[in-house]
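The values are calculated or read from the model by the stated rules, or taken from the named source; none is laboratory data. No experiment lies behind these values; they were computed from the predicted model shown. Note that we place each Cβ from the backbone using ideal geometry, even for glycine, and neighbour counts take in every protein chain shown. To get the accessible areas, we keep the full protein, side chains included, count just its heavy atoms, and leave off ligands, DNA and RNA. Shrake-Rupley method; radii C 1.70, N 1.55, O 1.52, S 1.80 Å.
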Amino acid sequence: MPGSLEPLDLGVQIPYHFRCPISLELMRDPVTVSTGQTYDRPSIESWVATGNITCPVTRAPLSDFTLIPNHTLRRLIQEWCVANRSFGVERIPTPKQPADPTHIRHLLAQSASNSNPYPTRVSALRRLRGLARDLDKNRSTISSQNSREILLELVFSDTNSESSELTHEALALLVLFPLLESDCAAVASDPDRVAYLSHLVQHPSMEVRVNSAALIENVLAGSRTAELRAQVSNVDEIHHGVVSILRNPLAYPRALKIGVKAVFALCLVKETRNKAVSAGAPETLINVLADFEKYDSERALATIELLCRVPEGCAAFAAHGLTVPLLVKTILKISDRATEYAAGALLSLCSASEKNQNEAVAAGVLTQLLLLVQSDCTERAKRKAQLLLKLLRDSWPEDSVGNSDDFVCSELVVPF
């Protein structure tokens, strides 16, 4: 149970009325429903979200779905936690309360109205961003109040002038929410908006640049047609701006996560991958590959594999002295997906150059690939490994296992 240990481990019994009737765990944010029963907020919200309209305890219909914080019970629970801390019980923190939807509508109206003073509009957006960061419930409420349309209008209200503080605040709030397909189309189909994004992603402020990259990634991911995605990915300045974000991992850690998502989304458009290469994506990705967390590493390696499929990208990666050793080292180290992408990138590199083949063999790729084909990795990864083993057969030392007749790659394996 969150915030405490199981009673049997503690040797202390949790009072019955401190437990949520739904989860049977110690309540951290007790709220009372219209029937007078009290539940832990996450539990009753989940109950209602699944379509239930009755009180779980009394089975009486809920006349409304308002959840009233039970401050008295919460304080009693906190006092009990403090009294039993010698048993390992941690005091539950005072929870932040969800914002009133009426208050959220008021703040959105304040920010959208041109008649309001400029500082008032900026302040309203900052307060909304603070609420969105505080609680997922607040974020959901803001999203349900027509906020995306308001924020998009604020971000792109004047694409012919320099961006303002109001624009930056609206952008920072907008990227906290997923966009609808129609929202993405409204951005991608408008050349002025795309050009404005290319300006924002090169802004002096790193926060503005990262938020712009996040919006670019959202638009690309939400655009259903290749034509719309190409209108965004066909802009050189967008590639340069997004790639540059990845070059400051220590100064701005969030840039790594957002930057690699945006680069990957751009590189999914095959026709414009050469623009990412020209922007320096190959060298940058290799330089920061060790700094990524697991899921971001997978995305970075997927991007490397995509760029290796175009001649310019393959040549750029081959020119970096660490590319092949890092890819070989990655096999079987991070995850099955990462292994698959690393093997695919190596397959492209080794297919392009005997020099790359020799580098891979020198880096120990033979052992890695033999382990891979015998592992529980994905079938696609094994196919790539088998193709790579077959390609490298003539590059192995004469006394290697791979040159013996005991290991033969299947002729039935075909490229994915």
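If you roll a 1.4 Å probe over the heavy atoms of the protein chains, what accessible area per residue do you get for the chain, in Å²? The partial results should precede the final answer.
Values: 20300 Å² over 416 residues.
I get 49 Å² per residue for the chain.
Once the Cα atoms of helix 294-308 and of the chain are each reduced to a long axis, what angle between those two axes, in degrees from 0 to 90 to the nearest 10, is obtained?
40 degrees
Compute the long axis of helix 236-245 from its Cα atoms, compare it with the longest principal axis of the Cα atoms of the chain, and write down the angle in degrees, 0 to 90, nearest 10.
Relative to the chain, helix 236-245 is tipped by roughly 70 degrees.
Looking at I258, C314, N234, which one has the Cα that reaches farthest to the positive end of the dipole of region 212-316 (charges on Cβ: Lys, Arg +1; Asp, Glu -1)?
So the residue we want is I258.
Order 102-110, 342-350 from most to least packed using the mean count of other Cβ atoms within 10 Å. Don't skip to the answer; put the middle values down first.
Values: 102-110: 15.8, 342-350: 27.0.
Top to bottom by mean Cβ count within 10 Å: 342-350, 102-110.
What does the charge add up to near E340, with Lys and Arg as +1, Asp and Glu as -1, over the other residues with Cβ less than 12 Å from its Cβ? Present the calculation step by step, with values, prior to reporting the outcome.
On the way: positive: R337, R380, K382, R383, K384; negative: E298, E305, D336, E379.
Value of the local net charge: +1.
Answer with a single label: of [x] 71, 54, 42; [y] 56, 52, 48; [z] 80, 64, 37, which was calculated as Cα extents along the principal axes in Å from the structure in view?
Among [x] 71, 54, 42; [y] 56, 52, 48; [z] 80, 64, 37, the one derived from this structure is [z].
Just give me a number: lysine pairs in the chain, eight or more positions apart or cross-chain, with C-alpha atoms less than 15 Å apart.
Details: K96/K137; K257/K294; K261/K294; K294/K329; K294/K333; K382/K390.
Pairs that pass both the separation and distance tests number 6.
Within the accessible area of region 16-87, what % is carbon and sulfur when the probe is 1.4 Å and the other protein chains stay in place?
Its accessible area is 57 percent carbon and sulfur atoms.
Take peptides 20-30, 299-309, 60-70 and line them up by average Cβ neighbours within 10 Å, highest first, as a rough protection proxy.
Values: 20-30: 19.9, 299-309: 24.1, 60-70: 13.5.
In decreasing order of mean packing, 20-30, 299-309, 60-70 become 299-309, 20-30, 60-70.
When the chain is fully extended, how far beyond the present Cα-Cα distance does Y16 get from K270, taking 0.36 nm per residue of separation? Present the calculation step by step, with values, prior to reporting the outcome.
Values: separation 254, 0.36 × 254 = 91.44 nm, distance 6.08 nm.
So the chain would gain 85.4 nm between Y16 and K270.
Rounded to the nearest 0.05, what FRET efficiency do F87 and D134 have when you use their Cβ-Cβ distance and R0 = 30 Å?
0.45
Rounded, prolate or oblate for region 272-402? Axes are the square roots of the Cα gyration tensor eigenvalues, ordered a ≥ b ≥ c, and the cut-off for rounded is a/c under 1.5. Numbers along the way, then the final one.
Working: a/c = 1.85, a/b = 1.32, b/c = 1.41.
Cα axes put region 272-402 in the oblate bin.
Loop-only chymotrypsin sites (Phe, Trp or Tyr not before Pro) in region 250-297, please: DSSP not H, G, I, E or B, and at most 12 other Cβ atoms within 10 Å. Don't skip to the end; give the middle numbers.
Numbers: sites: F264, F292, Y295; in loops: F292.
Of the chymotrypsin sites (Phe, Trp or Tyr not before Pro), not one in the loops of region 250-297 has a Cβ with at most 12 other Cβ atoms within 10 Å.
Using the beta-carbon distance between N146 and D192 and R0 = 22 Å, what value does 1/(1 + (r/R0)^6) give for FRET efficiency, to the nearest 0.05?
Details: r = 23 Å, r/R0 = 1.04.
With R0 = 22 Å, the Cβ-Cβ based efficiency is 0.45.
How many nm separate the modelled label positions at L370 and Q78, each set 7 Å beyond the Cα in the direction of the Cβ?
6.4 nm
Once neighbouring chains are kept in place and the probe is 1.4 Å, which whole percent of the accessible area of region 111-207 is contributed by carbon and sulfur?
Values: 2050 of 4480 Å².
Roughly 46 percent, rounded to a whole number.
Once the piece of chain linking K96 and E181 is laid out straight, how much longer is it, given 0.36 nm per residue of separation minus the C-alpha distance between them?
27.3 nm
Pop out the carbon and sulfur fraction of the accessible area of region 212-316 as a percent, whole number, probe 1.4 Å. Don't skip to the end; give the middle numbers.
On the way: 2150 of 4220 Å².
Here carbon and sulfur together make up 51 percent of the probe-accessible area.
Within region 22-52, list the residues whose amide N lies under 12 Å from a label point set 7 Å along Cα→Cβ of A60.
In region 22-52, the label zone of A60 (backbone N under 12 Å from the point 7 Å along Cα→Cβ) covers 33-38.
If you fit an axis through the alpha-carbon atoms of helix 71-83 and take the longest principal axis of the Cα set of the chain, what angle between them do you get, 0 to 90°, nearest 10?
70 degrees
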